[in-house]
Amino acid sequence: MHIAFLNPQGNFDEDDSYLAEHPDFGGQLVYVKEVAQSMCRLGHKVDIITRRMEDPDWPEFSAALDHYAGYEENLRIVRLDCGGPDFLNKEDLWPHLDEFVDNMLAFYGNNRPDFTTAHYADGGYCSARIQALTGIDFTLTGHSLGAQKLDKLGTNSGNWPEMEARFRFSRRIDAERLAMTRAYRIITSTEQEHSEQYSHPLYQGAVDVDEPGKFSVIPPGVNTRIFTTDKSEQDERVGNELPARLGENVDPFVLVSSRLDEKKNIIGVVKAFAESETLRQRARLAICIRGVDDPYRDIGHLPDTEKLVLREFLDVIDHANMADRVHYLNIHSQKELAATYRFLAKRGSVFALTAFYEPFGLAPIEAVACGLACVATQNGGPSEIFEDGSGILVDPFDADAIAGGLLTAIDNHADLSERARQRVLNMYTWDKTAEAYLGVIKKGVAAGRDAGADIPALNAEDRITEYLGNA
């Protein structure tokens with residue numbers, strides 16, 4: 001089959017430039033890349049459709065066509081003009097998505113793909129419009145939904161105009177409702193995502209979580225060629241460099257690796273160390289921040305939102321007088337990250353993800369695939385990934401609970417790490433994800449649907465203001 005992945009926001013290139021370093025280049029890009037490559041290995045032709053830029057600050061994304069090494073025959077990165085040449089934040093893409101769709105259809109002409117997979121709300125809008133124009137069907141993978149973000153950011157009737165201007169909630173939720181209504185199948189990573197996120201009042205009338213055949217739960221996976229306990233060419237270099245950066249001690253580490261995003265709750269782990277003398281005595285803290293070698297020196301180079309997150313936990317570290325127990329790692333690639341995981345796993349170390357809510361939890365399964373034990377938030381996907389007890393689940397709002405979970409994981413590292421690694425190999429690989437997608441897509445292609453249905457009028461702003469008024 002010929003399958004197109006629609007992902008207008010973010011971007012893709014062979015070197016994974018800025019991957020997971022920018023709010024628009026987060027985990028969904030890893031997801032799309034890995035599922036697409038797995039589909040290609042299974043014999044299908046795949047295009048990743050995204051936006052082209054001729055912005056001097058983003059030179060990697062200027063070519064109309066691009067490839068990944070080793071996939072030149074059947075995987076293309078197709079970049080379409082949309083909204084001018086400059087980089088645009090995802091919230092600013094909405095007025096330009098019809099142009100994106102028109103340019104995609106012009107690019108393909110009569111040689112259109114058999115099916116599309118839509119990612120995030122903007123991809124969902126584009127696939128819904130393409131389905132209406134051509135009959136090409138699609139799956140929707142929301143990754144995260146606007147209604148939950150609206151709630152978590154504390155949106156209310158008083159601050160609604162400000163929140164709408166910043167996050168374009170009405171456009172996003174309109175797009176989500178449209179895509180939910182028109183999608184052949186909605187793909188979620190967990191059953192919790194299916195049952196809880198899509199039952200939000202702002203999606204009533206667009207989707208019924210109990211409708212037979214409307215949803216498929218397909219977990220993401222791990223690139224087992226990179227995230228493995230087997231050594232790579234990176235391990236010798238990392239093994240030679242890390243002792244100088246981490247000290248020659250033999251203490252286990254608690255490792256945090258995520259964007260400087262408030263919702264990732266890095267400060268929860270920092271506070272656990274600050275408030276637990278036992279934890280400080282038993283372990284050291286390593287914080288991976290891509291592009292930052294010395295946070296005190298490099299903070300000035302960060303965007304304002306990231307500065308706030310970094311400054312907050314640096315203040316906790318300084319106030320607790322524990323700077324000598326905290327180390328910072330600037331890791332530049334997935335291969336280097338995996339080698340770092342393997343190095344620290346030999347010291348009985350623990351990976352921590354204490355996000356306030358995590359839709360799935362790709363980072364933890366990558367870490368445990370390399371031999372680390374894991375402590376993760378109880379809110380979201382990790383509660384299903386580690387429901388067998390192979391990881392420690394904690395309340396991300398409770399620093400004492402985080403500290404206790406970390407100490408338990410350190411004490412039981414050998415058992416937890418092996419159980420979690422085997423669980424990942426059995427259940428969470430990208431090939432398994434791709435095979436499940438292909439099963440759905442084959443049914444969708446066989447079923448077929450006609451073009452010509454109208455795009456309904458969108459009125460999410462009225463729905464949202466009513467919802468906020470009743471809150």
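Side notes on the structure shown:
- Integer Hz, Karplus 6.51/-1.76/1.60 couplings in order for region 247-259, x for Gly and Pro: x, 8, 5, 10, 5, x, 10, 9, 10, 10, 9, 7, 5
- For the residue pairs LYS149/LYS271; LYS33/LYS335; LYS90/LYS335, the C-alpha atoms sit more than 20 angstrom apart in LYS149/LYS271; LYS90/LYS335.
- Of all DSSP beta bridges in the chain, antiparallel share, percent nearest 5: 5
- Seen from PRO252, the other residues with C-beta closer than 15 Å to its C-beta sum to a net charge of +3, counting Lys and Arg as +1 and Asp and Glu as -1.
- Helix-only mean residue ellipticity at 222 nm for the chain, each DSSP H run of n ≥ 4 adding -39500 (n - 2.57), per residue, nearest 500: -13000 deg cm²/dmol
- In order along region 279-289, the phi-based Karplus estimate (6.51 cos²θ - 1.76 cosθ + 1.60, θ = phi - 60°) of 3J(HN,Hα) comes to 5, 5, 6, 8, 8, 10, 10, 10, 10, 8, 10 Hz; Gly and Pro are listed as x.
- Selected from SER383, LEU310, LEU246, residue furthest toward positive end of dipole (region 234-427; charges at beta carbon): LEU246
- Region 253-286-region 366-413 distance, computed between alpha-carbon centres (Å): 13
- Ranking ALA373, SER333, ALA286 by how far each Cα lies toward the positive end of the dipole of region 234-427 (charges on Cβ) leaves SER333 at the top.
- Amide hydrogen neighbours beyond the local backbone of THR429, cut-off 5 Å, H modeled: VAL222
- Cβ-placed point charges (K, R +1; D, E -1), dipole of region 234-427 about Cα centre in debye, nearest 20: 420
- Placing +1 on the Cβ of every Lys and Arg and -1 on the Cβ of every Asp and Glu, with nothing else charged, gives the chain a dipole about its Cα centre of roughly 900 debye.
- Alpha carbon convex hull of region 163-236, projected area averaged over orientations, nm²: 8.4
- Footprinting exposure proxy ranking of GLU418, GLU73, fewest other C-beta atoms within 10 angstrom first, gives GLU73, GLU418.
- Between the Cα long axis of helix 430-447 and the first principal axis of the chain there is an angle of about 10°, rounded to the nearest 10.
- Note on GLU387 and ASP15: the extension gain reaches 130.4 nm, defined as 0.36 nm multiplied by sequence separation minus the Cα-Cα distance.
- Kirkwood hydrodynamic radius of region 234-427, Cα pairs, Å: 16.5
- Under the Debye formula (equal points on every Cα, no solvent term), log10 I(q)/I(0) of the chain at q = 0.06, 0.10 Å⁻¹: -0.26, -0.75
- Along its principal axes, region 172-323 has C-alpha extents of 58, 38, 34 angstrom, given from the largest down.
- Angle in degrees between helix 399-411 and the longest Cα principal axis of the chain, rounded to the nearest 10: 70
- Relative to the current alpha-carbon distance between GLU275 and GLU99, full extension at 0.36 nm per residue lengthens the span by 58.1 nm.
FYI, it's all coordinate maths here, none of it is from the lab. Fair warning: this is a prediction, and the values are worked out from it, not measured in the lab. Every residue, glycine as well, gets a Cβ built from its backbone with ideal geometry; the counts of neighbours run over all protein chains shown.
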